[in-house]
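Student: Pasting a structure here, questions to come.
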Amino acid sequence: MKIMDFLSEKALCADLKATTKKEIIEELVSSLVDAQIIKDKSKLIKILLERESLGSTGIGQGVAIPHGKSESVKKLVAAFGLSKNGVNFDSLDGEPVYIFFLLVAPEDSAGPHLKALARISRLLKDKYFRDTLRSAKDEKMLAKIIKQEDSRK
């Protein structure tokens, strides 16, 4: 499974402005709306925030993978964003989060959703990859970095 199979280049943000967990989720969902991937913004934000209330998706090392299931998508979709200053996301290690992958899967989907979470987690364990992502100046560079990593592993 390749990340670019479910991550739209139109839903990449190299400079998230949000400063809270809720704002980050709103900004990433907005990128999916702007890319015309989803329509019901408020419902999806509610789903994602409810998932966060069960336990933070901040997995540590500056990474968070907010995710949820929604009937508003027919296949797995994702948005990606970078925060230059970092955001308190209640991460497992207590550190700020800079790298955000937001995943949305169809209600009845388990396999692709779990495979995507595993793939992203595996790639982001690589410190060099995380540092390279964080150094990206724009969305074009982010897409290039992710595509290169996809082709390697």
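Student: Would you please state which residues of the stretch 112-153 a label at M1 would reach in this model, taking the label point 7 Å out along Cα→Cβ and a backbone N cut-off of under 19 Å?
Tutor: What the label zone holds, given the 19 Å backbone N cut-off, is 112-126, 146-153.
Student: What nm value, rounded to one decimal, do you get for the distance between S121 and M141 when each label is placed 7 Å out toward the C-beta?
Tutor: It is 3.0 nm.
Student: Take the alpha-carbon centre of the stretch 105-120, take the same for the stretch 1-65, and report the distance between them in whole Å.
Tutor: Measuring centre to centre over Cα atoms gives 15 Å.
Student: Of L54, L76, L92, how do they rank once you tally other Cβ atoms within 10 Å and put the fewest first?
Tutor: Numbers: L54 7, L76 21, L92 14.
The order, fewest Cβ neighbours first, is L54, L92, L76.
Student: Now for a separate question. Run the simple label-point estimate for D150 and D93 please: 7 Å along Cα→C-beta, distance reported in nm.
Tutor: Reported label-point gap for D150 and D93 is 2.6 nm.
Student: Please compute the contact order of the chain in relative form: average sequence separation of alpha-carbon pairs under 8 Å and at least six residues apart, divided by the residue count, as a percent.
Tutor: Details: 271 pairs, mean separation 42.6, N = 153.
Answer for the chain is 28 percent.
Student: Using only the Cα atoms of the stretch 3-152, build the gyration tensor, take square roots of its eigenvalues as a ≥ b ≥ c, and label the shape rounded, prolate or oblate: rounded if a/c is under 1.5, else prolate if a/b is larger than b/c, else oblate. Each step should come with its number before you reach the end.
Tutor: Numbers: a/c = 1.34, a/b = 1.17, b/c = 1.15.
Cα axes put the stretch 3-152 in the rounded bin.
Student: With a Förster radius of 25 Å, plug the Cβ-Cβ distance of Q61 and T19 into 1/(1 + (r/R0)^6) and report the FRET value to the nearest 0.05.
Tutor: 0.80
Rule-based calculations on the coordinates, nothing more; no lab input. Just so we're clear, the structure is a prediction, and the values are computed from it rather than from any experiment. For neighbour counting, all protein chains shown are included, and Cβ atoms are generated from backbone atoms with ideal geometry for every residue, glycine included.
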